[in-house]
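Trainee: Can you read through this structure? Questions will come right after.
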Amino acid sequence: MKPALTHRHALFLDLDGTLLDLALTPADVEVPPGLGSLLTGLAAQRNGALAILSGRTLVDIDAVTGAILPAGAEHGFLLRDATGTITRPVAQSANRPEWRAALEQAALAMPGVAIELKTYTLVAHFRQAPERGPELRAMIEAMITGDPSVELLGAHMAWEIRPKGAGKGSALHWFMRHRPFADKIPVFVGDDVTDEAAIDAAKALGGIGLHVARDFGGETKSVRAWLNEVRMNGEG
């Protein structure tokens, strides 16, 4: 049974694999009709206490949701609060010229591999060439070895190089220290290894952490249906 929520619950939601079905590339996702109104309605019920925590950039998040919501972009390396103020909790970036050039060169020799450039991270997607996953990982590990300021994180058919010191878990803690999230009960929904820290953070703060595979049968439509029920129950 999915938990019943009230206006006292602050919502934190992942996008890809949680609200959106995964696609071959992030640009190929199909946005379900009404997603924007669902999110803005849920936010209004809790006086704005709804944030998107996603690996996407802020520009991508806004394009997908169709609204300007509080957000932890690039897995929490760029935070936008309810007033629109941007905070960058980590100064260094893993999007470095020499690593970017090496990955782009490798992708040229690996059909189906795509390199995504973000402000703070570099992502090698291999959904269209799954057999390249181990080779890519070995290459990236060798490339970044000896640099304690970065780490390699696995995601859905992708490897992401990112700086240490931020993430969705720390992003959730950050939002919960600020209005309109402070004094509410956090609820996070995610689907990937990158989301486990936020699931744990929500639970540590006395809230609820939900996983799409474990709690929604792996179906994004089930997540959206539950959120629609939350919006429609009036108490919200």
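The values are calculated or read from the model by the stated rules, or taken from the named source; none is laboratory data. This one's a predicted model, so the numbers in the text were calculated from it and none came from an experiment. All Cβ positions, even for glycine, are placed from backbone atoms using ideal geometry, and neighbour counts span all protein chains on display. Surface accessibility is based on the protein's heavy atoms, side chains included, excluding ligands, DNA and RNA. Shrake-Rupley method; radii C 1.70, N 1.55, O 1.52, S 1.80 Å.
Trainee: When H125 is evaluated against the numbered criteria (1) under 28 Å from H173 (Cα atoms); (2) buried (at least 17 other Cβ atoms within 10 Å of the Cβ), which criterion, by number, is the only one it fails?
Mentor: The failed condition is (1).
Trainee: So which residues in the range 74-89 are open to solvent by less than 10 Å² (accessible area, probe 1.4 Å) and either more than 11 Å from A166 (Cα to Cα) or in a loop (DSSP other than H, G, I, E, B) (or both), if there are any at all?
Mentor: Selection gives F77 alone.
Trainee: Any residue at all in the range 55-70 that's open to solvent by 50 Å² or more (accessible area, probe 1.4 Å), closer than 18 Å to A171 by Cα and in a loop (DSSP other than H, G, I, E, B)?
Mentor: Yes, there is a match, as at least one residue in the range 55-70 is open to solvent by 50 Å² or more (accessible area, probe 1.4 Å), closer than 18 Å to A171 by Cα and in a loop (DSSP other than H, G, I, E, B).
Trainee: List, please: which pairs have Cβ atoms under 8 Å, are six or more places apart or on different chains, and start with a residue in the range 41-56 that is under 14 Å from L20 (Cβ atoms) and end with one that is at pLDDT below 95 and open to solvent by 20 Å² or more (accessible area, probe 1.4 Å)?
Mentor: Filtered contacts from the range 41-56: S54/D16; S54/D60; G55/D16; G55/A155; R56/D16; R56/P26.
Condition check ((1) farther than 17 Å from D192 by Cβ; (2) at pLDDT below 95; (3) hydrophobic (A, V, I, L, M, F, W, C)) across all residues:
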residue	(1), (2), (3)
L117	yes, yes, yes
H125	no, yes, no
T145	yes, yes, no
L153	no, yes, yes
W159	no, yes, yes
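Trainee: Condition first: open to solvent by less than 80 Å² (accessible area, probe 1.4 Å) and out of contact with any strand residue (DSSP E or B) (no Cβ under 7 Å at 6 or more places or on another chain). Now tell me which residues in the range 90-103 satisfy that.
Mentor: R96, A101, A102
Trainee: Another one. Just for the range 112-121: of the residues that are part of a strand (DSSP E or B) and without any contact (Cβ under 8 Å) to a residue 40 or more places away in the chain, which one is least open to solvent (accessible area, probe 1.4 Å)?
Mentor: The qualifying residue least open to solvent (accessible area, probe 1.4 Å) is I115.
Trainee: Quick check on the range 104-111. Is at least one of its residues loosely packed, with under 15 Cβ neighbours inside 10 Å and under 24 Å from D62 (Cα atoms)?
Mentor: Looking for residues that are loosely packed, with under 15 Cβ neighbours inside 10 Å and under 24 Å from D62 (Cα atoms), one finds none in the range 104-111, hence no.
Trainee: Select from the range 1-16 the residues that are open to solvent by less than 20 Å² (accessible area, probe 1.4 Å) and at pLDDT below 95 and list them in ascending order.
Mentor: L5
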